[in-house]
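Worksheet: the structure to be examined is printed underneath.
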Amino acid sequence: MLKKHLIAVGLFGLFSATSQAQDLTVTVTNLTHGIYFTPVITAAHDASTSIFTTTEAASAELQALAEGGDISGVSGLLSVANADVNENPAGGLLAPATSANFSLSNNSGNDYLSVAAMMLPTNDGFIGLDSWEIPTEAGTYTVYLNAYDAGTEANDEIIANIPNPIGITATGASGVTEEISNPNVHIHPGVLGDDDEEGGISDLDSSAHRWLNPVAKLTIVVE
């Protein structure tokens, strides 16, 4: 009888520990020199949910985010999955070398963290974190984010084909490419750019808009 009682107490303690919600304080930092992030969406979610998956085709919701910065579709999918979602912590564009802070809770089995935001100026580039397992031990954790390509639009670098809230004035580029080299989500090959404001192959300034991975940093405080 005593042995059964100890087993029951042990199981109760195990289930209590795994179901206990944790509060997360998250800071997202733009590490680039000249790239802006559209409204960032972040979620604590379960193991069966994701914003994107590399080597697979982008969903229509991810395409809307990566090509136009529209997070509403991704937010809707996450909400249906009972994820804890934070939208647009910067209140607009997250400028180079700036940060935004917000809080999440990984209650109800939402043990994974994902992040996405379009990168401007790109055709379909986005920062991404796919299903990072949230530590159960309290502490401060740092995660670096790469730039991904949604594989849904050719990286022509023509400003007429890119949302332009940052006011790029260069025009007349012939276009870097007309082809989608990889139709699945993959690490972004980067921006070529050039220094010709009235022509060349790209409307993007090579001195400002190139980047190297990682492009963003998350600092996560687990309480």
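The values are calculated or read from the model by the stated rules, or taken from the named source; none is laboratory data. All values derive from a computational prediction rather than experimental measurement. Here Cβ is always computed from backbone atoms with ideal geometry, including for glycine, and neighbour counts include all displayed protein chains.
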### Task
Test N213 against the criterion of being within 22 Å of G69 (Cα to Cα) and either of a type in the set (K, R) or surrounded by fewer than 19 Cβ atoms within 10 Å (Cβ to Cβ) (or both), and give yes or no.
yes
### Task
Identify all residues within the range 133-157 that are over 21 Å from the mean Cα position of the chain (by Cα), of a type in the set (D, E) and surrounded by fewer than 17 Cβ atoms within 10 Å (Cβ to Cβ); write none if there are none.
E137
### Task
Go through the residues of the range 94-103 one by one and say whether even a single one is surrounded by 13 or more Cβ atoms within 10 Å (Cβ to Cβ), without any contact (Cβ under 8 Å) to a residue 24 or more places away in the chain and either of a type in the set (A, V, I, L, M) or in a loop (DSSP other than H, G, I, E, B) (or both).
no
### Query
Any chance the range 36-48 includes a residue that's part of a loop (DSSP other than H, G, I, E, B) and of a type in the set (G, A, S)?
yes
### Query
For the range 45-101, how many residues meet the condition of being β-branched (V, I, T) and closer than 14 Å to D130 by Cα?
6
### Query
Would it be correct to say that S79 is of a type outside the set (A, V, I, L, M), more than 29 Å from I166 (Cα to Cα) and modelled with pLDDT under 95?
no
### Summary
When every residue in the range 104-119 that is of a type in the set (G, A, S) and part of a strand (DSSP E or B) is compared, the one farthest from S50 (Cα to Cα) is S105
#### Entry: Residue in the range 117-127 that is acidic (D, E), modelled with pLDDT of 95 or more and within 30 Å of L192 (Cβ to Cβ) present
yes
### Query
Has the range 190-205 got any residue that is crowded, with 20+ Cβ neighbours inside 10 Å, hydrophobic (A, V, I, L, M, F, W, C) and not in a loop (DSSP other than H, G, I, E, B)?
no
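Conditions (1) among the β-branched types (V, I, T); (2) out of contact with any Asp or Glu (no Cβ under 8 Å at 6 or more places or on another chain); (3) exposed (fewer than 14 other Cβ atoms within 10 Å of the Cβ), marked per residue:
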| position | (1), (2), (3) |
| --- | --- |
| Q22 | no, no, no |
| V28 | yes, yes, no |
| S59 | no, yes, no |
| L62 | no, yes, no |
### Query
Got at least one residue in the range 21-40 being over 19 Å from L120 (Cα atoms), modelled with pLDDT under 95 and of a type in the set (A, V, I, L, M)?
yes
### Odd one out for S108 among (1) within 28 Å of I220 (Cβ to Cβ); (2) small (G, A, S); (3) exposed (fewer than 15 other Cβ atoms within 10 Å of the Cβ); (4) at pLDDT 95 or above
(4)
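Table: residues versus (1) polar (S, T, N, Q); (2) touching a helix residue (DSSP H, G or I) at 6+ places or on another chain (Cβ under 9 Å).
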| residue | (1), (2) |
| --- | --- |
| I127 | no, no |
| D130 | no, no |
| E133 | no, no |
| A138 | no, no |
| T142 | yes, no |
| A147 | no, no |
| A150 | no, yes |
| I158 | no, no |
### A160 being of a type in the set (A, V, I, L, M), under 29 Å from G175 (Cα atoms), within 18 Å of the chain's Cα centre (by Cα) and modelled with pLDDT of 95 or more
no
### Task
Select, from Y144, Y148, the only residue that is of a type in the set (F, W, Y) and over 17 Å from G69 (Cβ atoms).
Y144
### Summary
From the option list T169, T152, T122, T136, single residue qualifying as in a loop (DSSP other than H, G, I, E, B) and without any contact (Cβ under 8 Å) to a residue 60 or more places away in the chain is T169
